[in-house]
Every structure is written in C-alpha cells, then in structure tokens.
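So the structure is just underneath, and the comments pick up after that.
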Amino acid sequence: MNRKIFTATAALMLSSQLVFAAEHTVQMKNVGADGTMVFEPAVLNVAVGDTVHFEPTDMAHNSESVTNLIPEGSAGWKGAMNQKVSFTVDKEGVYVYKCTPHTIMGMVGVVVAGSPTNLEEIKTQSASLSATFVMNKDRLTNYLNQVK
Ligand SMILES: [Cu+2]
C-alpha cells in the first residue's frame with residue numbers, strides 16, 4: 001500500500017469511528033420505573049466502541065462492573081460514590097454491574113454490547129450475586145431475560 005492510499009484509509013477509518021461510536025447515559029436513581037434503587041435504563045444495548053456514562057442523578061450511588069460477570073478480557077469500570085463514571089465498551093457481550101452499597105437491594109444493571117455471546121454463562125454465574133439480594137430478588141434474572 002502506498003502512503004497516499006494508507007493515509008486515505010486511515011482517515012476513513014477514523015471518521016467512520018467518529019460517526020458510529022455512540023454515547024449513552026444511565027441514571028442512578030432512588031426511585032424509578034422498576035422500583036427503588038435502580039439504574040435507568042437498566043438494560044442497555046450498545047455497540048463495541050460506544051461510551052456509557054453513569055450519572056449520579058440521586059446521591060449515594062456508584063456504578064461498578066461485577067468482576068466475574070463481564071466479557072472475558074474486558075477492563076470493566078469502577079466509579080466512586082456520587083461520581084459520574086464513563087466506560088468505553090471494549091469487548092462484545094453482556095456486562096452486569098452494581099451499585100456497591102445497594103447491591104443488597106438489587107441495584108444492578110445490564111449492558112449488552114453487540115451480540116450477547118456470553119449470556120448463558122452470565123445467567124448461570126449471576127445466581128450467586130442474586131442470592132445476596134434481600135429485596136428485588138428477581139430483578140437481575142428479569143433483566144437478563146430481556147436480553148435478546
Ligand atoms: Cu445505589
């Protein structure tokens with residue numbers, strides 16, 4: 001490949017990334033459509049390369065990916081309390097995340113990047129997390145059942 005074609009190709013790749021990488025916002029809320037202590041939207045479909053912003057709409061929440069419930073090789077994310085955290089999606093598959101202090105109340109969410117290639121594995125492995133909820137016990141299962 002000569003230099004001119006290489007430069008043109010690189011510019012094209014860069015511009016197509018700029019066009020297709022979308023931004024998404026998930027709110028952390030005390031009360032939402034699914035009840036108390038929720039992420040909205042709770043099940044979010046994105047593409048690899050997109051960025052998801054987790055916004056502390058109400059206070060005393062954070063967003064943190066669950067180590068064994070994200071695609072293999074993903075860096076995941078860990079937001080501080082009351083802080084916005086952003087994650088640029090690095091691997092295809094299903095991500096489960098939680099609000100650290102409210103995990104016990106079922107404050108969890110799901111991001112689906114591209115095809116849910118690891119869905120069955122996530123469903124199996126999420127049982128131990130759901131078992132720690134004292135309320136909204138079915139929430140994570142319901143969310144995962146919405147993943148297509
Ligand atoms: Cu919370």
- Note on the structure: As a percent rounded to 5, the proportion of antiparallel DSSP bridges among beta bridges in region 21-145 is 65 percent
- Task: Pop out the ³J(HN,Hα) list for region 26-40 in order, Karplus 6.51 cos²θ - 1.76 cosθ + 1.60 with θ = phi - 60°, rounded to Hz; leave Gly and Pro as x.
- Result: 10, 8, 9, 10, 6, 9, x, 4, 8, x, 8, 6, 9, 9, 9
- Query: Residue-wise, which Karplus ³J(HN,Hα) couplings in Hz belong to region 107-113, taking 6.51 cos²θ - 1.76 cosθ + 1.60, θ = phi - 60°, and x for glycine or proline?
  - Reply: 7, 9, x, 9, 10, 10, 9
- Item | Under-5 Å amide H pairs with GLY106, H placed in peptide plane, nonlocal only | VAL134, MET135
- Close Lys-Lys pairs in region 35-148, where close means Cα under 20 Å and separation is 8 or more or interchain: 9
- Quick one: grab Rg to one decimal and Dmax as a whole number for the chain, Cα atoms only, in Å. 17.1, 63
- Query: Could you give the angle, 0 to 90 degrees to the nearest 10, between helix 3-20's Cα long axis and the longest principal axis of the Cα atoms of the chain?
  - Reply: 30 degrees
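All of the numbers you see were taken from the coordinates with simple rules; none came from a lab. Predicted model, so just to flag it, every value in this text is computed and none were measured.
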